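Presented below is the structure to which this report refers.
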Amino acid sequence: KGGIEYNYIDLNHIFWEKWNQSGPYNVYEFNYHRWPSQTGFYLQDQITYNQVVANIGLRADYYYGGGGKWPSDPYSKAYLPIDTVGTWLFDYLASGKSYIWDVWNQYDKDHPGFLQPVKNYWTLSPRIGVSFPVTTNSKFYFNYGQFRSNPPYYTMYQFRYRYTKNGVYDMSNPNLEPPRTIQYELGIAYNFYDSYILTVSGYSTD
């Protein structure tokens, strides 16, 4: 059997904070808009030879990193916004726009290469399970599999910029590779009475 799986995520994160009712204002910005996706293709088959049963599968995934570009060096003061802000900034951020990203985009037009494309990844994940009888009432089995998952999205896109202090306080990394988990399982199953089966197994996950 086989199949296709597609997941599309629209992250429209509109969030900013300010304090002080009158200037100088302290403002944090967290605004970002990204649209990552994951496309998976998988094939699986069962092969039987005498009393040996093998389940073999392969999954291919394409991880789209959310589009757009990312600063190569977001901490340099050469392209950070002005130190003072006014009330105009509040309406600007509330509309969902990002002032820091507008500054970065303009700087990239004047200095190409500052913003770098976000990476995308292809991955392959093989899986296999084998079982065969040891006696008339017991069987031995072994399973091996590789699994991929997305990093938490906040570790990829969320950042914190503080105006009036010209500071990038936190910056994530959208180029994180989907982490791989490798799992092994080894066990034996014993049918000791009618439909009662005792299973003893051990596994390792990396």
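The values are calculated or read from the model by the stated rules, or taken from the named source; none is laboratory data. As the structure is a computational prediction, the values presented were derived from the model and not from experiment. A quick note on method: Cβ atoms are made from the backbone with ideal geometry, for glycine too, and the neighbour counts reach across all protein chains shown. These accessible areas exclude ligands, DNA and RNA; they are computed on the full protein's heavy atoms, side chains included. Shrake-Rupley method; radii C 1.70, N 1.55, O 1.52, S 1.80 Å.
The angle separating the long axis of helix 99-110 from the principal Cα axis of greatest extent in the chain is about 90 degrees.
Largest first, the three principal axis extents of the alpha carbons in the stretch 25-143 are 81, 30, 22 Å in whole numbers.
With a 10 Å radius around each residue's Cβ, average the other Cβ atoms per peptide and rank 48-54, 69-75, highest first. Write down the numbers at each step before the final one.
Details: 48-54: 10.6, 69-75: 14.3.
So the order, starting with the most tightly packed, is 69-75, 48-54.
Work out the length of the dipole vector of the stretch 1-157 about its Cα centre, built from +1 on the beta-carbon of each Lys and Arg and -1 on the beta-carbon of each Asp and Glu, and round it to the nearest 20 debye. Provide the component values of the computation, followed by the final result.
On the way: 12 positive and 12 negative charges, 136 e Å.
Computed about the Cα centre, the dipole is about 660 debye.
Pairwise inverse Cα distances across the chain, averaged and inverted, put the Kirkwood hydrodynamic radius at 21.3 Å.
Surface composition of the chain: carbon and sulfur make up 54 percent of the accessible area, probe 1.4 Å.
Here the Debye sum runs over all C-alpha atoms of the stretch 151-199 as equal scatterers in vacuum, and log10 of I(q)/I(0) at q = 0.22 Å⁻¹ comes out as -0.85.
Rolling a 1.4 Å probe across the protein heavy atoms gives the chain an accessible surface of 61 Å² per residue.
Percent of C-alpha pairs per 5 Å bin in the stretch 125-172, short distances first: 5, 14, 12, 9, 9, 7, 7, 6, 7, 6, 6, 5, 3, 3, 1, 0.
Quick check on packing: order 150-162, 124-136 by the mean number of other C-beta atoms within 10 Å, highest mean leading.
Working: 150-162: 16.8, 124-136: 13.3.
So the order, starting with the most tightly packed, is 150-162, 124-136.
In angstrom, the C-alpha Rg and Dmax of the stretch 85-188 are 24.7, 81.
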